[in-house]
Amino acid sequence: MNIASHADSFTPTLRLDQCRKGTSVRVTSLIGQPLFGAQDESVSLRLKELGFLPGAHLKVIGFGLLGSDPLAVQVNGTKFALRRAEAAKICVEPITPHP
Amino acid sequence: MSAPIRFALVGNPNCGKTSLFNRLTGARAKVANYPGVTVERRSGTVTHIATPTEILDLPGTYSLFVTSPDEQVARDVILGKLAHEKRPDLLIAVVDACNLRLGLRLVMELKSLNRPMVLALNQMDEAKRRGISINTAALSQSIGMPIIETVAVNSQGVAELRQYLDTYAQSAQQPTEQGAQVLTLSDRQESVEALYAEIESIMSQHVIQPAHLPRWQDRLDALVMHPLLGMIALFTILLVIFQAVFAWASPVVDLIDAGFSSLGELVGATLPDGILKDFIVDGLIAGVGGVLVFLPQIIILFFFILVLEDSGYLTRAAFLLDRPMRGLGLSGRSFIPMLSSFACAVPGIMATRTISDPRERFITIMVAPLMTCSARLPVYALIIAAFIPEQTVWGVFNLQGLTLFALYFAGVASAALVAWMMRRRTAREEFPLLLELPSYRWPMMYHLLMGLRERAWIFIRRVGTIILALSIVLWFLATFPGAPEDATLPAIDYSFAGQLGHFMQPLFAPLGFNWQMCIALIPAMGAREVAVSALATVYAVGEESIDVALGGALAASWSLPVAFSYLAWFVYAPQCISTIAVVKRETNSTKATLFFTVYLFALAYFAAWVTYQVASAIVN
């Protein structure tokens, strides 16, 4: 399965919030999230500052209690808890195929 | 004379700034393993150096583009935006060597401010253990600032850093004063990628890093962050804490209790009858001793809180509880302030500064005092020990421990209900969670002992000052004026305290409170534990015999519904003055503070009334 191997491709992209536990992915781009309203730009900036940049390798390490929310994600050896709303801003491509 | 040279410790949350600060200044500020322990700037003097200097410990921040009130504090100090405060002369950037990328990013951002900087590469021991190898000299060259390797938790490298600061302070001339620096969002937006690219190239040259974190860390996370097993683990931990508070403390509590009883008897036997003997036995020993016996329970409670804080577990619990808490208008970020409030609501309310959503922060402040603080523990413990039989249920649980758990649970459930009622109903913009989950580490003996010593000392100081003072005042009020010649009631009924209690009693009659209980409510506003010493004084003065233990006196004069009603009152309890003051300061609103005070009073009254009516109906 080949999902969005290029950031600029027109095929539907995979977002971090759609990834299963244990998957390793690479960030392709950050997109807008209307839920954050006016501060969406500063959320993008903070995500980038924490290392969620195009090219970064991520690993989904766990989910919270209900509705698989929030997600625990490892980036550059640091673990972060993200909600689905934040994770949906991060477009990714799988590094290894789903097991 | 010129102003002292100012240093400021800056860095990511949880990288060890406060540990370094404590080492450099000899202070004992709170240290723990979760982001956001420090929410205020703290100032001290570097010890053992020649020049007088000032050093600031700042809240951790990931960036100068801040998203929460605690980060705002750090930014304002760094940029010199605080009124009446000189900009720091030298920035000491603290970077966790195990988390180098994230730390270096902030360092590079700070570097663009063109200010004197030195980098303290902290937690070098842990980095070496994980197989991270850093060519410090080359790294220092690449980023263009001196680097000092430190291990703040055991002083390594701190001497070297102190030496550097000393040399700097001696050679530094007064810097030319510049205006506050201004940064806008658009200044930076495009350069995050460039900065990271630079860091990647620097790190690939000078740092060798293993690809994986230690396996046990990931295995532990797989368990404690598991949606089901993790919740079971969380509840087990909490239940064990409450069991321990009762089961482990009781031998020591009994010992202290017996000590004070014998002291009372000894003094009673040696001193001649009279007002002095009454004062010492009924006022001092009964009042102060009554509260001091709860020290072991407070120590045990704090032991567990400190272990949870230092291990890195807290943020995992916040992660698990984020979704359920969101239904209440809160988030995982509110969890840590709420948990701190089990110790005391004052630091808990201050810890809400790490919450970026103003509405969520407000709700957290409003409900944090419903978490049962340690000052309420003596009140609960006294009444539970007097009314709940000590028996084992379901094989393992101690009934008294379960009752205590139920009281704490009542507070938590009420907080959930209040938050749910206050939550915002109209959909508005969301705020991100973005919470770092720090690596686990073994709780450090040093931190534990320091923390326990600090808490024990605070408690003893409260006993020796406010509780002692209130006990003395209360003894006077309960003793004077004496009973008239033709008295038919016990002498205390005629005293000022008795009159006040009788005056208040009709208001509290629907809750089943007698006038002695009403008296105790007033000094409890100053410090909750005083309810215990007040009851001790009132009952000791009222009783003929001095060797009746307070618990026994209560069991003899209160019915079970009354005891439950009093417990219910204290679950919501009139907040102590310091809590009200910190709510005023953190919300900066008289209206909010007034609302806070009134709603908690109303809730306490209502809950005690319901409890009394229901319990009476069941008992009859």
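Here is a list: B:50, B:27. Which entry is without any contact (Cβ under 8 Å) to a residue 24 or more places away in the chain, assigned to a loop (DSSP other than H, G, I, E, B) and of a type outside the set (D, E, K, R)? The match here is B:27.
Okay, residues lined up against (1) assigned to a helix (DSSP H, G or I); (2) without any contact (Cβ under 8 Å) to a residue 40 or more places away in the chain; (3) surrounded by 22 or more Cβ atoms within 10 Å (Cβ to Cβ):
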{"site": "B:279", "(1), (2), (3)": "yes, no, no"}
{"site": "B:300", "(1), (2), (3)": "yes, no, no"}
{"site": "B:303", "(1), (2), (3)": "yes, no, no"}
{"site": "B:322", "(1), (2), (3)": "yes, no, yes"}
{"site": "B:328", "(1), (2), (3)": "no, no, no"}
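For residue B:110, the requirement of being of a type in the set (A, V, I, L, M) and touching a strand residue (DSSP E or B) at 6+ places or on another chain (Cβ under 9 Å) is met. The sole residue among A:33, A:74 that is at the interface with chain B (Cβ under 9 Å from one of its Cβ atoms) and closer than 16 Å to residue B:437 by Cα is A:74. Only residues that are over 13 Å from residue B:285 (Cβ atoms), in contact with a helix residue (DSSP H, G or I) (Cβ under 9 Å, 6 or more places away or on another chain) and hydroxyl-bearing (Ser, Thr, Tyr) were counted in region B:462-482, giving 1. From the list B:343, B:318, the lone residue that is under 30 Å from residue B:363 (Cα atoms) and part of a loop (DSSP other than H, G, I, E, B) is B:343. Among residues of region B:406-438 being surrounded by fewer than 20 Cβ atoms within 10 Å (Cβ to Cβ) and not in a helix (DSSP H, G or I), the one that is modelled with the highest pLDDT is B:423.
Any residue in region B:441-467 that is closer than 25 Å to residue B:14 by Cα sitting within a Cβ distance under 8 Å of a residue that is among the hydroxyl-bearing types (Ser, Thr, Tyr) and in a helix (DSSP H, G or I)? List the pairs, counting only those 6 or more apart or interchain. Partner pairs satisfying both residue conditions: B:441/B:311; B:442/B:311; B:443/B:311.
Taking the criterion of being over 12 Å from the mean Cα position of the chain (by Cα) and either facing chain A (nearest Cβ under 10 Å) or not basic (Lys, Arg) (or both), the residues of region B:346-364 that qualify are B:354, B:355, B:356, B:357, B:358, B:360, B:362, B:363, B:364. In this structure, residue A:51 qualifies as in contact with a Leu (Cβ under 9 Å, 6 or more places away or on another chain) and either within 21 Å of residue B:63 (Cα to Cα) or at the interface with chain B (Cβ under 7 Å from one of its Cβ atoms) (or both).
Looking at region B:81-148, the helices (runs of 4 or more DSSP H) lying wholly inside it that each contain 1 or more residues that are under 14 Å from residue B:161 (Cβ atoms) sit at B:124-129, B:136-143. For region B:21-69, which positions are crowded, with 22+ Cβ neighbours inside 10 Å and among the aromatic types (Phe, Trp, Tyr)? Once the filter is applied, which keeps residues that are crowded, with 22+ Cβ neighbours inside 10 Å and among the aromatic types (Phe, Trp, Tyr), region B:21-69 yields B:21, B:34, B:62. Checking every residue in region B:387-402 against the condition of being on the phi > 0 side of the Ramachandran plot and away from chain A (no Cβ under 14 Å) gives at least one match. If you filter region B:303-345 down to residues that are aromatic (Phe, Trp, Tyr) and within 22 Å of residue B:453 (Cβ to Cβ), you find that the one that is farthest from the other protein chains (Cβ to nearest Cβ) is B:303. Kindly evaluate residue B:605 against the criterion of being within 21 Å of residue B:386 (Cα to Cα) and either over 28 Å from the mean Cα position of the chain (by Cα) or of a type in the set (Phe, Trp, Tyr) (or both). Judged against the criteria, residue B:605 is not a match. Considering only region B:181-271, give the helices (runs of 4 or more DSSP H) lying wholly within it that have at least 2 residues that are at pLDDT 85 or above, in contact with a Phe, Trp or Tyr (Cβ under 8 Å, 6 or more places away or on another chain) and within 14 Å of another protein chain (Cβ to nearest Cβ). Filter on region B:181-271 gives B:215-224.
When the residues of region A:54-67 are narrowed to those that are facing chain B (nearest Cβ under 7 Å) and surrounded by fewer than 22 Cβ atoms within 10 Å (Cβ to Cβ), which ends up nearest to residue A:34 (Cα to Cα)? Ranking the qualifying residues of region A:54-67, first place goes to A:67. Name the pairs whose Cβ atoms lie under 6 Å apart, with the first residue in region B:579-601 and without any contact (Cβ under 8 Å) to a residue 24 or more places away in the chain, the second basic (Lys, Arg), and 6 or more positions between them or separate chains? As it stands, the answer is B:593/B:584, since those pairs meet every condition given.
The values are calculated or read from the model by the stated rules, or taken from the named source; none is laboratory data. The structure presented is a predicted model; accordingly, all values stated were derived computationally and were not measured. Using ideal geometry, Cβ is built from the backbone for each residue, glycine included, and neighbour counts are taken over all protein chains shown.
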